[in-house]
Structure formats: C-alpha cells, structure tokens
Amino acid sequence: GENVEQHPSTLSVQEGDSAVIKCTYSDSASNYFPWYKQELGKRPQLIIDIRSNVGEKKDQRIAVTLNKTAKHFSLHITETQPEDSAVYFCAASRGSGGSNYKLTFGKGTLLTVNP
Amino acid sequence: KAGVTQTPRYLIKTRGQQVTLSCSPISGHRSVSWYQQTPGQGLQFLFEYFSETQRNKGNFPGRFSGRQFSNSRSEMNVSTLELGDSALYLCASSARDRAETQYFGPGTRLLVL
C-alpha cells in the first residue's frame, strides 16, 4: 500500500521567515495530494491541495509543489506568522471520480513560529 | 452549510466495553471516512463508506466496524476495548464529485481505562 514520509518532524522559524515541509510517497498511482493544518485541540483543516496534472499551486502565502518523477511534494509557507504555528500533515491518495480511495497521511510536522 | 459533526466529543470507557461513535457529514456529502489519531501513529485510515457501502478498509482488527445510513450519517463501533484504543477518532466527509477533498469533524476523544 501507499506509504508517505514527512520531514522534518519539528520545525522552528522566526516570524517572517519561510518554512518548507517535504513529503515523499511510494505509490506511483497516487494523484491527489492535500495538506492539512491542525491547531492544538482542533480538527485538521485543508489548507491547500494539488492534483497530479499540476506542478505547482499557490494560495497567498502558501504554495505546494509536486514532482511526480521523484514522487515528492512540498509545502512552502512564506512570511510566517505566529498563527501559522500548528501541526501540518501531508497526504496522498489515488482515487478520484468515485473510485475506491483513502488518504494516507504523513506523521506530521510541528511548526513553531517564534515572534 | 453546517460542518461535519461528531458525537459524543469525549468518552471514557473501561477495558472490555464497547463504544459507538457517530458522525454526521456535511449536507449533500455521501462519503464518510473514519481515522484514528494517536501521538505515536499519527492519522490512520479505518474505513470509508459511500451510499451505505464500505468501499475501503484500513489495517485494523475486526473489533473496529462501521456502518452508514441512508441519510449518509455514519457510526463506528469498537468492541472489546483495549487500552491502546485510546485515541482521537475523526470522521471526514466528501462530496460525490470531489471525492478526494475531505472535511474533518471535531473528533471524539476516547479514553480507555
């Protein structure tokens, strides 16, 4: 089955710096890659996703890049703010259009943004 | 639209008991997935239901089961609870036409003593 590796497990940055979280996946048939943010005691929330027909996607300070050949994808957060502090999870799945699917998650990255 | 809701939010049980957790998806969403979240293992997929049928199942023992009703609400059941079942149980729903995009509920925190 699919295996998703996520690095680093913890990341500490100064406010205003950039943060990069990287994930690799094993199943070449995976074609959907979401990123979730989970604040302490709260539910995971989707912050950005990318599909395999796209190499990069941006949403304000957040961007995701995908390299299908190398089977890795990354989350980039620019101009970090204290409210970006949370656990970030990457995930991968192969399903679409109603076919069987499941999300396989990385183990998470605890991002701390220091004021 | 109202978000995904889960009940109860907190639960304390003892070993050997059974528990039933409930999930109500976003209105119009027909797919419901369940995940177990623990500090050591992260988010692990339990099973996914669509139109009352289990379409996919993770690597959990048979003590973990689920079902989905005609209104898309879903329940999961854990029988013969073990200490290691203590976790946050999250459900997520997704729409038929965007099957991958999942929206999570707040979770049920289960403590097994």
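The values are calculated or read from the model by the stated rules, or taken from the named source; none is laboratory data. The structure displayed is predicted, hence computed values, not measured ones. Don't worry about glycine lacking a Cβ; one is built from the backbone with ideal geometry, like all the others, and counts go over all protein chains shown.
Among the residues of the stretch A:74-86, is there at least one that is more than 20 Å from B:GLY107 (Cα to Cα), touching a Cys at 6+ places or on another chain (Cβ under 8 Å) and away from chain B (no Cβ under 14 Å)?
yes
Going by what's in this entry, would B:ARG55 be described as within 14 Å of chain A (Cβ to nearest Cβ), part of a strand (DSSP E or B), free of Cβ contacts under 8 Å to residues at least 40 places away in the same chain and surrounded by 12 or more Cβ atoms within 10 Å (Cβ to Cβ)?
Yes: the conditions hold for B:ARG55.
Going through the stretch A:44-58 one residue at a time, which ones are modelled with pLDDT of 95 or more and among the charged types (D, E, K, R)?
Result: A:LYS58, single match.
Could you check the stretch B:1-45 and list, in sequence order, the residues that are farther than 18 Å from B:LEU83 by Cβ, out of contact with any Ser or Thr (no Cβ under 8 Å at 6 or more places or on another chain) and in contact (Cβ under 8 Å) with a residue 12 or more places away in the chain?
Residues satisfying the conditions are B:GLY3, B:THR20, B:SER27, B:GLY28, B:TYR35, B:LEU43.
Within the stretch A:19-47, track down each residue that is among the β-branched types (Val, Ile, Thr) and within 11 Å of chain B (Cβ to nearest Cβ).
none
Under the condition of being among the charged types (D, E, K, R) and within 12 Å of another protein chain (Cβ to nearest Cβ), which residue from the stretch B:6-43 is nearest to B:ARG109 (Cα to Cα)?
It comes out as B:ARG9.
Report every pair of residues separated by at least 6 positions or lying on different chains whose Cβ atoms are under 6 Å apart, first residue within the stretch A:63-78 and within 16 Å of A:THR104 (Cβ to Cβ), second of a type in the set (Gly, Ala, Ser).
A:LEU66/A:GLY55
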